[in-house]
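Below: one structure, written as structure tokens.
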Amino acid sequence: MLNNPAIFDTATPEQAIEFARLYQQAIASISQGILISGPDRLTLSVNAAFETMTGYSQIELAGQPCTVLQGPQTCAETIHRMRSALDAGQPFTGELLNYRKDGTTFWNALSVIPVFGSDALLTHFVGIQRDISDQRLAREQINRLSHFDGLTGLPNRTLLANRCSHDISMAQRDGRPMAMMMLGLDRFKIINDTLGHAVGDEVLKQFSQRISGALRDQDTVARVGGDEFVLVLPGNTPEGATHLAIKLLHLVAQPYRVNSMELNITTSIGVAIYPGDGQDFEALFKSAEVAMHQAKELGRGKYRFFSAEMFENTLAKVTMVAALRSAIAQDQLHLHYQPFVDLQTGQVGGMEALVRWSHPELGAVSPACFIPVAEQSGLIVEIGVWVLRQACRDMRDWMDQGIEVPQVSINVSPVQFRDSALLQQIEATLQEFSIEPHRICIEVTEGALMEDVTHSEMLLRSLKALGLKLALDDFGTGYSSLSYLKLFPFDKVKIDQSFVRDISKSSQDAVIAKVVIAMAHGLGLRVTAEGVETEVQCEFMRSNVCDEIQGFFFSRPLPKAEMEALLNADRRLPEHLMRVRVKTRTLLLVDDEPNVISALKRLLRPDGYRILTAGSAQEGLALLAQNPVDIIVSDQRMPGMTGVEFLRQAKNLYPDTIRIVLSGYTELQSVTDAINEGAVYRFLTKPWEDSQLRSFIEEAFVHKELADENRQLNLKIRTANQELASSNRQLQEVLDHKQQQIARGERSLNVVRNALQSLPMPVIGLDDEGLVAFVNRQAQSLFINNLGLLGSEIANSLPALHELLTITPEGKFGLTDINHQAYRVQWHSMGEQSTSSGKIVTLCLDEAFA
Ligand code: C2E
Ligand code: MG
Ligand code: MG
């Protein structure tokens, strides 16, 4: 009617006044805010809903410009659009951020309709306002959740795909280049698992801030996986991308400070260039991913461009498959064995069978090269059968010779894991060669397990039931946490050599290795350190209570005959590297005068010490390098090097030894200095008093043993503390996880509630006792007369609807009449997974009767 003010022209003045009153009443009762202005856009009147919505009253607005709700944050472009429409006499609709009288803002869904008189002249503007702040908020929340990563706030893969497609179309239009980079944090998972998720999350946040800070406005950075990020760089040439990759590698390799800890993490970067490496988002993404994996293979902290040569590799592989296929038949495969040593006893505790391929032209091909090819081509199944049979055949042979054969470990590839014949094959082979199952340990990598967790668990349990031992190989290179792996019945864990390699250089690797040992022990698993190449690494493993070591330090993988010799010779770890040392009191005497040495030996022999003797400092040092020594007694005046100098060196190299110097009074000054700096424990004067010397030495041994015991005790306490810390960490992780779940639950509840609120149809929620638990806005306005609907029993407040619900089956439609309008009513039960049995009821205007 408002659109037809012609009525005013034909009516009598009395009728016109009456109409005007009626309009006013109608407008006043409308729940949306209405503002009516003249053609000069000065306010004539507003209704009650407008007053409530904005805080302005009719009296203060009358005669004021109708732009009163606009403010600094109102979008200038929307205002401009509105003005142009209204200037052209067109209606306008749009969403604006408006200001209430108290300065607070709200989102206004505004429609302005120009009203014309019978002479086609503009007479009024009618503005209809709806506060849609809640809907906007819900919309924004849903938008955020579906387009951004919760932790870092960066776009997720969906948004990345959108932006990238847009950038590609711009690049195509302008003929400009573009680059995509994939950044993967190296070995991030293990940091997460050993140092805790809170630390991991913090690193990810700092990492994402660093890369975001290095990019231009037009670039996009997104988090596309737990530890993977993708950069889309419009306009970037390969040179530009190289420059940026180097800069990023440097930037992200700077230490991260988390809870007063300093962490070093590197990143591998794969680069793909549009359009050569991919014409659309998916293709570019794939290429960048391939390049990143290649970069990882180069070692940590490297970047690599995608290249056609990566495809050429595939071609080379095809040739290799053909050669490998004939390798078995032509007897080109054989086995090497690499022993593990038990750090407790120093003895060989087992050996790993490692396959070798000698190709007539290529020579020795590394398994690191051909195993992956064998896996891809499925040939690994055949190779696996060969390895198992050969290992059993060799064991049988050794046993028949009367050699004491320790456990033999056999690697099983993920592909063999999928083969249903595996279990039976192993069982049959063991029977054929009469090998007891406990003598064989099966090594699997995490990759094999994760492909199908349920199947893996079943298969491992069956292998276990056969009596075989099980080891988790290369731990730390995969993605699962140790606590998750306790699902599987492993006997031991092998720490991957990449962690062992840098133990003495990287405190972080050292912490990780220690925590893995403590956690594995906490789960009742034995721990083997792989790739131990030096005494320092071995010593680290010993002092951190690792159970076994494997690596070049003790022995390289050996051909069968050499392994046999090693077993026959009963080669062991040197005593000083074993976890429990055999206690012989060892004394080293150093003097250049042979008769002094003989006199001392004679004097001390009855005390039962193991006595080593040296005629010079150099000889003394050589003996120390080969023997564990408790006490050193050295003459002061010796040619070449004085006793004090020698003991200083001994202190630096073997700080746990007790050092005693024999000297005349004349050399007192230099000896006193040495005592003061701790290089010398005692000095004895020449000539000595027999009984005094003996009791001095006895006392020094007691002192040394006490100190040793203290060190051992310390070691045990540290292990216990580590275990405690690790279980605390696990507990904390569980708590954090629960809390996150609750927070997520709350968030999604809010979103759902907001979404339901703004649905354009009436929605009512009923709890399991038939009480009205939820009424959305549309329902509220539909049942406007039923004040107090919320919380009422539906049987009382809406009896007709209640009856309909009881006779209409779930999901079917029922018809009802509300305010003389036909509505289709449908209900569904709520909470499939919960115990609640409430109903959600939706009403829909039945178009057929509308
Ligand atoms: P793996 O099972 O982790 O075996 C340990 C690898 O580390 C072996 O490499 C071994 O030679 C090497 N290694 C041992 N000690 C040291 C050390 O101190 N320093 C260094 N740098 N390396 C050390 P290899 O023999 O080249 O085998 C590589 C991988 O190939 C094995 O890793 C295993 O995953 C796979 N493989 C070997 N033989 C077989 C087999 O019979 N079947 C299957 N499915 N896989 C096998
Ligand atoms: Mg292995
Ligand atoms: Mg390994």
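Scanning the range 366-379 for residues that are within 16 Å of ligand 3 (Cβ to nearest atom) and either surrounded by 15 or more Cβ atoms within 10 Å (Cβ to Cβ) or among the hydroxyl-bearing types (Ser, Thr, Tyr) (or both) gives Ser366, Pro367, Ile371, Glu375.
Scan the range 499-515 for residues that are within 18 Å of the chain's Cα centre (by Cα) and within 14 Å of ligand 3 (Cβ to nearest atom) and report the count. Residues meeting the conditions: 1.
The residues on offer are Gln347, Gln330, and the sole one that is of a type outside the set (Gly, Ala, Ser), within 23 Å of Thr528 (Cβ to Cβ), surrounded by fewer than 20 Cβ atoms within 10 Å (Cβ to Cβ) and away from ligand 3 (no atom under 16 Å from the Cβ) is Gln347.
Listed here are the residues, each with its yes/no results for (1) surrounded by fewer than 20 Cβ atoms within 10 Å (Cβ to Cβ); (2) assigned to a strand (DSSP E or B); (3) within 16 Å of ligand 2 (Cβ to nearest atom); (4) on the phi > 0 side of the Ramachandran plot.
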position: His438; (1), (2), (3), (4): yes, no, no, no
position: Gly447; (1), (2), (3), (4): yes, no, yes, no
position: His455; (1), (2), (3), (4): yes, no, no, no
position: Arg461; (1), (2), (3), (4): yes, no, no, no
position: Lys464; (1), (2), (3), (4): yes, no, no, no
position: Ala471; (1), (2), (3), (4): no, yes, yes, no
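Table: residues versus (1) among the β-branched types (Val, Ile, Thr); (2) open to solvent by 40 Å² or more (accessible area, probe 1.4 Å); (3) more than 20 Å from Arg356 (Cβ to Cβ); (4) within 16 Å of ligand 2 (Cβ to nearest atom).
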| site | (1), (2), (3), (4) |
| --- | --- |
| Ala391 | no, no, no, yes |
| Val412 | yes, no, no, yes |
| Gln424 | no, yes, yes, no |
| Glu427 | no, yes, yes, no |
| Ile435 | yes, no, yes, no |
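Based on this model, can you work out whether Ile426 counts as modelled with pLDDT of 95 or more, closer than 30 Å to Ala565 by Cα and outside any helix (DSSP H, G or I)? When the stated conditions are applied, Ile426 does not pass them. Taking each residue of the range 352-376 that is touching a residue at least 12 places away in the same chain (Cβ under 8 Å) and more than 24 Å from Phe417 (Cβ to Cβ) and looking for partners that are open to solvent by 50 Å² or more (accessible area, probe 1.4 Å) and more than 16 Å from ligand 3 (Cβ to nearest atom) with beta-carbon atoms closer than 9 Å, six or more apart or interchain, yields Ser358/His334; Ser358/Ala364; Pro360/Gln330.
Checking every residue in the range 396-407 against the condition of being under 26 Å from Cys546 (Cα atoms), within 16 Å of ligand 2 (Cβ to nearest atom) and either open to solvent by less than 20 Å² (accessible area, probe 1.4 Å) or in contact with a helix residue (DSSP H, G or I) (Cβ under 9 Å, 6 or more places away or on another chain) (or both) gives at least one match. Look at the range 419-446: where a residue is closer than 25 Å to Gln376 by Cα and a partner is aromatic (Phe, Trp, Tyr) and open to solvent by less than 80 Å² (accessible area, probe 1.4 Å), sitting 6+ places away or on another chain with Cβ atoms under 7 Å, you get Val444/Phe417. Hey, can you tell me all the residues within the range 92-129 that are within 19 Å of Ser37 (Cα to Cα), modelled with pLDDT of 90 or more and surrounded by fewer than 18 Cβ atoms within 10 Å (Cβ to Cβ)? Within the range 92-129, Thr93, Gly94, Arg100, Lys101, Ala109 meet the criteria.
Using the structure shown, decide if Glu689 is open to solvent by less than 90 Å² (accessible area, probe 1.4 Å) and either modelled with pLDDT of 80 or more or touching a helix residue (DSSP H, G or I) at 6+ places or on another chain (Cβ under 9 Å) (or both). No. For the range 428-441, the criterion of a residue being under 26 Å from Val527 (Cβ atoms) and among the polar types (S, T, N, Q) is satisfied by no position. Residue count for the range 472-490 under the criterion of being more than 16 Å from ligand 1 (Cβ to nearest atom) and at pLDDT 85 or above: the result is 2.
The single condition from (1) within 16 Å of ligand 2 (Cβ to nearest atom); (2) surrounded by fewer than 20 Cβ atoms within 10 Å (Cβ to Cβ); (3) more than 29 Å from Phe553 (Cβ to Cβ) that His359 fails is (1).
The values are calculated or read from the model by the stated rules, or taken from the named source; none is laboratory data. This one's a predicted model, so the numbers in the text were calculated from it and none came from an experiment. Neighbour counts run over all protein chains shown; Cβ positions are idealised from the backbone, glycine included. The area values use the complete protein model at the heavy-atom level, side chains included, leaving out ligands, DNA and RNA. Shrake-Rupley method; radii C 1.70, N 1.55, O 1.52, S 1.80 Å.
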